[in-house]
1. If ASP95 passes every condition in (1) modelled with pLDDT of 90 or more; (2) surrounded by fewer than 17 Cβ atoms within 10 Å (Cβ to Cβ) but one, which one does it miss?
2. Is it the case that some residue within segment 107-118 is among the hydrophobic types (A, V, I, L, M, F, W, C), more than 17 Å from LEU15 (Cβ to Cβ), assigned to a strand (DSSP E or B) and in contact (Cβ under 8 Å) with a residue 60 or more places away in the chain?
3. Is at least one residue of segment 131-143 surrounded by fewer than 18 Cβ atoms within 10 Å (Cβ to Cβ), in contact (Cβ under 8 Å) with a residue 60 or more places away in the chain and either within 21 Å of ALA37 (Cβ to Cβ) or not acidic (Asp, Glu) (or both)?
4. So if I check each of ILE85, ILE132, which one is touching a Leu at 6+ places or on another chain (Cβ under 8 Å) and at pLDDT 90 or above?
Amino acid sequence: MKTTHELKKILSSELNETLKTLHSLKKSTYPDYYYNAIFGDASFILAGILEQLLNESYHWGTKSGKWMDDALIEDFHLYEERLSINGVMIWGKGDTTEQWVEPFYFDVELNKNEVNMEGYNLYFGNTDNPAIPYTYFSNNREYWQQDLRNWEYQLMSK
């Protein structure tokens, strides 16, 4: 298992490669609902970082056996000094194959158009709308389609 620091370096490298594509991408012409293909391995690397940070700060899965699987990237915004990504994280519990989903939001500083993992925010979970089974989400992908969220977990680098 890689350390959080190692995963952050890998995510930074993956996002730096993705930035080249994002500058020229017109979101309205992208045919898929999710942007995972554009972001390469960033979705599951971000899930791994989130899992480790939750375990370090909240013992999220340490006692309950919860584990992160992947993320579905629903939207992104590229600004001059920040990149933001949001969507849903897919997670499981114990030795079952059943999975649940909850929203996430990640933003990171850009320094001279490169990702700076020293300046990120990672939010996960919505206390107003709890996790739902993936099977329910696959039939109702609009479950978390609101702008304001009461984030359950707020993980920041600074």
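The values are calculated or read from the model by the stated rules, or taken from the named source; none is laboratory data. What you see is a predicted model; the values in this text were computed from it and never measured. With ideal geometry, Cβ positions are generated from the backbone for all residues, glycine too; neighbour counts draw on all protein chains shown.
1. The one condition ASP95 does not meet is (1).
2. We begin by selecting, within segment 107-118, every residue among the hydrophobic types (A, V, I, L, M, F, W, C); these are 108, 110, 115, 117.
Then keep just the ones that are more than 17 Å from LEU15 (Cβ to Cβ); that gives none.
No.
3. So far as segment 131-143 goes, yes, one or more of its residues are surrounded by fewer than 18 Cβ atoms within 10 Å (Cβ to Cβ), in contact (Cβ under 8 Å) with a residue 60 or more places away in the chain and either within 21 Å of ALA37 (Cβ to Cβ) or not acidic (Asp, Glu) (or both).
4. Details: ILE132 fails: touching a Leu at 6+ places or on another chain (Cβ under 8 Å).
Every option except ILE85 fails the conditions.
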